[in-house]
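Enquirer: Could you have a look at this structure, given as structure tokens, before my questions?
The values are calculated or read from the model by the stated rules, or taken from the named source; none is laboratory data. Owing to the predicted nature of the structure, the values given are computational and were not obtained by experimental measurement. Here the Cβ positions follow ideal geometry from the backbone for every residue, glycine too, while neighbour counts run over all protein chains shown.
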Amino acid sequence: MVRFRISEAAELLGVSPDTVRRWIDAGKLPAERDEHGHRLVEGTELAAFARAQHEQAEGGETSARNRLRGIVTAVVKDGVMAQVDIQAGPFRIVSLMSREAVDELDLRVGSVATAVIKSTTVVVEKAPGRR
């Protein structure tokens, strides 16, 4: 059984530890105390909560399931193409798109944007020390 400390759960959910504590205190996210009195969230409970949060926030109909909301940190345009960097929590997403699309979306540094990713290849890595 994998269990996560509040700080680890917060990092995985992309929120602050205080937000996770509030969810636990409100009964929205189950947690148990370890032998030292620290609250731990069981992995399957955290996964179910994360899925419910995603389903609640997801909008529109699309076949793409991978969405990362973040802030635009860089926009580089040339004559036809543009590069847009988005920082979504600890993740940097880089998108190459037409300059026309960047202009139509009015993407600029400081804008909030969602990277919607649909790919035939996804590499999954496991964190060291976790089962």
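Enquirer: For segment 98-131, what are the residues that are hydroxyl-bearing (Ser, Thr, Tyr) and either surrounded by 10 or more Cβ atoms within 10 Å (Cβ to Cβ) or out of contact with any strand residue (DSSP E or B) (no Cβ under 9 Å at 6 or more places or on another chain) (or both)?
Expert: Residues of segment 98-131 that are hydroxyl-bearing (Ser, Thr, Tyr), as a first pass: 98, 111, 114, 119-121.
If the condition is that a residue be hydroxyl-bearing (Ser, Thr, Tyr) and either surrounded by 10 or more Cβ atoms within 10 Å (Cβ to Cβ) or out of contact with any strand residue (DSSP E or B) (no Cβ under 9 Å at 6 or more places or on another chain) (or both), then 98, 111, 114, 120, 121 are the ones that fit.
Enquirer: If you go through segment 74-92 one residue at a time, how many are surrounded by fewer than 12 Cβ atoms within 10 Å (Cβ to Cβ) and within 30 Å of residue 1 (Cβ to Cβ)?
Expert: The number of residues fulfilling the criteria is 2.
Enquirer: Also: Could you pull out the residue among 80, 2 that is more than 15 Å from residue 115 (Cβ to Cβ) and modelled with pLDDT of 95 or more?
Expert: Working: 2 fails: modelled with pLDDT of 95 or more.
Unique residue meeting the criteria: 80.
Enquirer: I would also like to ask the following. If the requirement is being surrounded by 15 or more Cβ atoms within 10 Å (Cβ to Cβ) and among the hydroxyl-bearing types (Ser, Thr, Tyr), which of these qualifies: 7, 95? Full working, then the answer.
Expert: Details: 7 fails: surrounded by 15 or more Cβ atoms within 10 Å (Cβ to Cβ).
Result: 95 is the single residue among 7, 95 that is surrounded by 15 or more Cβ atoms within 10 Å (Cβ to Cβ) and among the hydroxyl-bearing types (Ser, Thr, Tyr).
Enquirer: Now a separate question. Anything in segment 91-131 that is among the hydrophobic types (A, V, I, L, M, F, W, C), closer than 30 Å to residue 44 by Cβ and outside any strand (DSSP E or B)? List them, or say none.
Expert: 122, 123, 124, 127
Enquirer: Checking residue 52 against (1) at pLDDT below 95; (2) assigned by TED's automatic domain parsing to the domain that holds residue 111: exactly one of these is not met. Which one?
Expert: Failing condition for residue 52: (2).
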